[in-house]
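The values are calculated or read from the model by the stated rules, or taken from the named source; none is laboratory data. Every value quoted in this text rests on a predicted model; they were computed, and no experiment measured them. Here Cβ is always computed from backbone atoms with ideal geometry, including for glycine, and neighbour counts include all displayed protein chains. The protein model used for the area step is the full one, side chains on, heavy atoms only, and it has no ligands, DNA or RNA in it. Shrake-Rupley method; radii C 1.70, N 1.55, O 1.52, S 1.80 Å.
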Amino acid sequence: MNSSPTRSPARQTVPLLDLKLQYASIRDEVLAVMARVCEQQAFILGPEVTALERAVAEYSGAAHGIGVSSGTDALLLALMAVDIGPGQEVLAPTFTFFATGGTIARTGAHPVFLDIDPVSYNLSPAAVRRFIADSCERRADGLYNRASGRRVTALMPVHLYGQCAEMDAFVEIARSHGLHLIEDAAQAIGAEDAGGARAGSRGDIGCFSFFPTKNLGAFGDAGLCTAQDPELAERMRVLRVHGGKPKYYHSLIGGNFRLDELQAAVLNIKLRHLDAWTAGRQRNAAQYDALFKAAALGDRVRTPIAPPRGRHIYNQYVIRVARRDELRAYLAEQGIGTEIYYPVPLHLQQCFAYLGGRAGDCPVAEAAARESLALPIFPELQPAQLEYVVDAIRRFHA
Ligand SMILES: *Cc1c(COP(=O)(O)O)cnc(C)c1O
């Protein structure tokens, strides 16, 4: 057979994500542990949850883990634990999943959505510094937004797509301005920054999601908060159960943010496989990089740029293309699943119109929202499927 590069691979179906393959590889282990939990009939905050909390904290380089009901609830609990509320502002990237901004607003605080770095897609330290220098002033009790009169109390970077935000810069900014530092690590379990520190280990609190599409996914909703400080960890444990300690005696108003024992049992099994799955994603990313290079599409397709140091866990492999929506429709016709993360930056969401955000406020994020496209990257993909995806993108541009 002639396998010259001009010959296109045969038609295939390449879903964005297929969890059935992963499940097939761990089916017996998972069913056994779920059966054990069913026999125990203890479903709330049992030994599986405690084991998961320890394991994820250790995996992430944190002293404490607090299992919660979702990644969104992890963010909400973190904000509640450091007393974020009305009259305050929280700095966050505009280019992220909705929950980052939604949880800030739900506490009664005002989110301030700032622009991203064009290479990493993560919150831009320069944008944060510029906002503080141009719009804020230091008073005796903290940093204030001069125009709104509200106190700026927290900074919430997101480790988008599985790549750590610039934590050296954010730790320094948070320290020098007295801000709480909350990491949205929902997409980044096991990701490392340039210094080798893991997502969730450097902020006051790290927030993880185990939504099924994340690298470590439950069989439903689940999440976890990490912390280094024992008092903050204890505060989150209490807030997780309505703020009652002892039970039925409430010095705090919390919520029901509990993690199910069944979910924790599944996650404990899956965590043992996570590094192998991450290696699969990294292998796929490297193959995409090589295939795109060979396809010589020049500026028409920009592939993700991983930092030279650090550990990118590729929750997503996101390319940049000018005719993104046309390409996406073409790939769908070819049997290839893709997704847009995210089509509308938060400062332009209708529900946040009251914040006064305008088109043009965050040009880097707005361009990313127009041009980015996530390709299938899950670990079980076959090399021929990746070849097919890149060839389809080459044909679209031919
Ligand atoms: C998935 C995700 C969340 C929310 O997690 P859920 O478990 O779906 O509630 C928050 N932030 C980011 C960046 C996410 O990707």
If you take the residues in the stretch 188-210 that are within 20 Å of residue 377 (Cβ to Cβ) and out of contact with any Phe, Trp or Tyr (no Cβ under 6 Å at 6 or more places or on another chain), which one is farthest from the ligand (Cβ to nearest atom)? 192
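Test residue 263 against the stated conditions and say whether it is of a type outside the set (D, E, K, R), free of Cβ contacts under 8 Å to residues at least 60 places away in the same chain and on the phi < 0 side of the Ramachandran plot.
Details: of a type outside the set (D, E, K, R): yes; free of Cβ contacts under 8 Å to residues at least 60 places away in the same chain: yes; on the phi < 0 side of the Ramachandran plot: yes.
Yes.
Would you be able to say whether some residue in the stretch 145-154 is under 18 Å from residue 313 (Cβ atoms), touching a residue at least 40 places away in the same chain (Cβ under 8 Å) and within 16 Å of the ligand (Cβ to nearest atom)? Let's see the steps before the verdict.
First, the residues of the stretch 145-154 that are under 18 Å from residue 313 (Cβ atoms): none.
No - not one qualifying residue is present in the stretch 145-154.
Does at least one position in the stretch 96-106 carry a residue that is out of contact with any Gly (no Cβ under 9 Å at 6 or more places or on another chain), open to solvent by 20 Å² or more (accessible area, probe 1.4 Å), part of a helix (DSSP H, G or I) and away from the ligand (no atom under 13 Å from the Cβ)? Full working, then the answer.
Restricting attention to the stretch 96-106, the residues satisfying the condition of being out of contact with any Gly (no Cβ under 9 Å at 6 or more places or on another chain) are 96, 98, 100-106.
Now restrict to residues that are open to solvent by 20 Å² or more (accessible area, probe 1.4 Å): 98, 105-106.
In the following step, the residues that additionally are part of a helix (DSSP H, G or I) were identified as 98, 105-106.
Filter once more, so that each one left must be away from the ligand (no atom under 13 Å from the Cβ): 105.
Yes, the stretch 96-106 has at least one match.
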Filter the stretch 107-136 for residues that are within 16 Å of the ligand (Cβ to nearest atom) and not in a loop (DSSP other than H, G, I, E, B); the one that is surrounded by the most Cβ atoms within 10 Å (Cβ to Cβ) is 123
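Taking the stretch 195-210, which residues are of a type outside the set (A, V, I, L, M) and assigned to a loop (DSSP other than H, G, I, E, B)? Quick ask: steps written out before the conclusion?
First pass over the stretch 195-210, keeping only residues of a type outside the set (A, V, I, L, M): 195-196, 198, 200-204, 206-210.
Those that are of a type outside the set (A, V, I, L, M) and assigned to a loop (DSSP other than H, G, I, E, B): 195, 196, 200, 201, 202, 203, 204, 210.
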Could you list, in sequence order, the residues of the stretch 63-79 that are surrounded by fewer than 24 Cβ atoms within 10 Å (Cβ to Cβ) and away from the ligand (no atom under 12 Å from the Cβ)? 63, 64
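State whether one or more residues within the stretch 211-231 are among the acidic types (Asp, Glu), more than 16 Å from the ligand (Cβ to nearest atom), modelled with pLDDT of 95 or more and assigned to a loop (DSSP other than H, G, I, E, B). Don't jump to the end; show me each part of the working.
Within the stretch 211-231, the subset among the acidic types (Asp, Glu) is 221, 229, 231.
Of the ones still in play, those that are also more than 16 Å from the ligand (Cβ to nearest atom) are 229, 231.
Cutting the leftovers down to modelled with pLDDT of 95 or more gives us 229, 231.
With assigned to a loop (DSSP other than H, G, I, E, B) added as a condition, the list becomes 229.
Yes, the stretch 211-231 contains at least one residue that is among the acidic types (Asp, Glu), more than 16 Å from the ligand (Cβ to nearest atom), modelled with pLDDT of 95 or more and assigned to a loop (DSSP other than H, G, I, E, B).
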Filtered residues of the stretch 269-319 (kept if open to solvent by less than 20 Å² (accessible area, probe 1.4 Å) and of a type in the set (S, T, N, Q)): 278, 284, 315
When you scan the stretch 235-257, do you find a residue that is in a helix (DSSP H, G or I), open to solvent by 50 Å² or more (accessible area, probe 1.4 Å) and closer than 22 Å to residue 77 by Cβ, even just one? yes
Which one of the conditions (1) farther than 30 Å from residue 24 by Cβ; (2) within 16 Å of the ligand (Cβ to nearest atom) does residue 244 fail to meet, given that it meets all the rest? (2)
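Of everything in the stretch 148-185, what is assigned to a loop (DSSP other than H, G, I, E, B), open to solvent by less than 50 Å² (accessible area, probe 1.4 Å) and over 13 Å from residue 122 (Cβ atoms)? Give them in sequence order.
148, 149, 179
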